[in-house]
Amino acid sequence: MSWDFSTDPDYQEQLEWMAEFVRREIWPLETIWPELGLEGLDKAIAPLQDQVKARGLWATHLPPELGGQGMGQVRLGLMHEVLGTSPIAPLAFGNAAPDSGNSEILAMAGTPEQKERWLTPLLAGDLRSAFSMTEPHTSGSDPTQLQTRAVRDGDGWVIDGHKWFSSNGSIADFLIVMAVSSPEARPSQRASMFIVPVETPGVEILRDVPTMEHPWEQFGGYGGHSEITYNSVRVPGEALLGGEGEGFVLAQQRLGPGRIHHCMRWLGVARRAFDMMCERATYRYAHGSVLAQKQTVQNWIADSAAEMQAARLMTLHAAWVMDTEGARAARTDVALIKFYGAKVLHDVVDRALQVHGSLGYSTDLPLEQMYRSARAARIYDGPDEVHRQTVARHILNGYQAPAAEVPSEHLPTRREQARERFAHILDAVTAND
Ligand SMILES: Cc1cc2nc3c(=O)[nH]c(=O)nc-3n(C[C@H](O)[C@H](O)[C@H](O)COP(=O)(O)OP(=O)(O)OC[C@H]3O[C@@H](n4cnc5c(N)ncnc54)[C@H](O)[C@@H]3O)c2cc1C
């Protein structure tokens, strides 16, 4: 039996290099990101991407048989914890969402032609992609309600529908669109995925929806969440990704590892907020002492440390289960970390912001931006409530109602049973009285 929390020295060295590289080369870019624009950012990170490639750390997320490095989810998770400290870092390492998840689907389900046309340039960073599933008028939590339709037309398909929150849609070269192709099939087998180049007639990218994270109107930047209509979009038969009706299965396969990556990135953000909170506590003086000496602030620091440690161990454990037993076995663990990790991120950032008072609320610190994006973590990739439901359902499968609905631990019942079982001892003790 092995039970080991250490990281092997070679990989630890890589992690340390990544941490130093991200802090030295990427954190400074965050402050001028809006000034750089899409083109300027691409220019600024190109030489960094070369360094990452030279170090063998570019697009490491795929298994080796699919062109990646076979690092496994635990190592990838540790990497994402480092990269998560900055929203720009994943771009420099070729594993930014949604391209990373989309490349996983293409690698898993793509035909050799689809891989050559879409996956190879995606991994090289020459193309960008978006995943287009959520619709404004149906519940994204229950994708069996999807209304976007793909209807066979000769050798190809015609897609009609309305999507939104297709992240990076306005800068993507192609979209992976989830559409109902077999409306008569069982709900979980009704949808298929299609690769749709953005320039296909009928694809209309209406806007990037302003959000808490980007409250202002903008279009065509990294991280925009696009609203898109598909109006009689005709695609050839080769656009079908995976088998007909396999959309949900593929989406689940994409989301499992993706959620682990998200949770580890959130821990990177939480750690950065935590460091700011502790630093502030050392010098801000109020009511006779620095904040570090106030019990409430000490509680926040201790609670945050405990919660981050718990979330980290839970996430790495989920990654380990995925590596050792497969994605299916890790389903409950992944659902646990999705809602727990999002809460930890939110709470740590919230406390750090509070400790900074008005400075925390201002845009002079990154805390308010972290807070706004932390709020989204409780919604995307499935809202908290759905993951809690999954966890509870799996747990409850291991329970059944007790006979005659008497609780198993009912003391009077147990006492009666124990008296019967140990009657000979009780009788002897009573006889001695
Ligand atoms: C920042 C961000 C990025 C995103 N990126 C993408 C993307 O790239 N591609 C894409 O397709 N989508 C994307 N989404 C959409 C996201 O996946 C959906 O928002 C999510 O699945 C929830 O769907 P919905 O918004 O339709 O909410 P609904 O499904 O309408 O749910 C609303 C609320 O109802 C409650 N609820 C739902 N089900 C239950 C339940 N079973 N029990 C109790 N309460 C419940 C929850 O509180 C939930 O928050 C993104 C969203 C965000 C915020």
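Every number here is computed from the coordinates shown, using simple stated rules; none is lab data. The shown structure was predicted, so the numbers you read here are calculated from the model rather than taken from an experiment. Glycine also receives a Cβ, built like all others from the backbone with ideal geometry; neighbour counts cover every protein chain displayed.
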Footprinting exposure proxy for Phe422, Phe174, Phe131, Phe274 (fewest neighbouring C-beta atoms within 10 Å first): Phe422, Phe274, Phe174, Phe131
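Could you give the size of the charge dipole of segment 1-120 about its Cα centre, using +1 on the Cβ of each K and R and -1 on the Cβ of each D and E, expressed in debye and rounded to the nearest 20?
140 debye
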Unit charges at the beta carbon, dipole of the chain: most positive-side option, Trp118, Gly326, Ser139: Ser139
Of Ala311, Ser100, Val198, farthest towards positive along the dipole that unit charges on Lys, Arg, Asp, Glu beta carbons give the chain: Ala311
Violating pairs (Cα-Cα greater than 32 angstrom) within the set Lys43/Lys115; Lys115/Lys343; Lys53/Lys338: Lys115/Lys343
Relative exposure of Glu113, Glu368, judged by other C-beta atoms within 10 Å (fewest first): Glu113, Glu368
Extension gain (nm, one decimal) between Glu420 and Ala19, 0.36 nm per residue minus Cα-Cα: 137.9 nm
Segment 300-393 shape via C-alpha gyration tensor axes, a/c threshold 1.5: prolate
Computed FRET value (nearest 0.05) for Thr138 with Ile395, which takes r as the C-beta separation and R₀ as 41 Å: 0.90
Centroid-to-centroid separation of segment 365-402 and segment 221-300 [C-alpha atoms, Å]: 13 Å
Cβ charges +1 (Lys, Arg) and -1 (Asp, Glu), total dipole of the chain, debye: 760 debye
Only Lys, Arg (+1) and Asp, Glu (-1) charged, at Cβ; segment 263-334 dipole about Cα centre in debye: 240 debye
Expected 222 nm ellipticity per residue - DSSP helices of 4 or more, -39500 (n - 2.57), all of the chain, to 500: -16000 deg cm²/dmol
Reachable aspartates and glutamates, given that their alpha-carbon falls under 19 Å from the alpha-carbon of Lys163 and they are not under 8 places away in the same chain: Asp99, Glu135, Asp142, Asp173, Glu199, Glu204, Asp208, Glu217, Glu227, Asp381
Kirkwood-based Rg to Rh ratio, the chain, C-alpha trace: 1.06
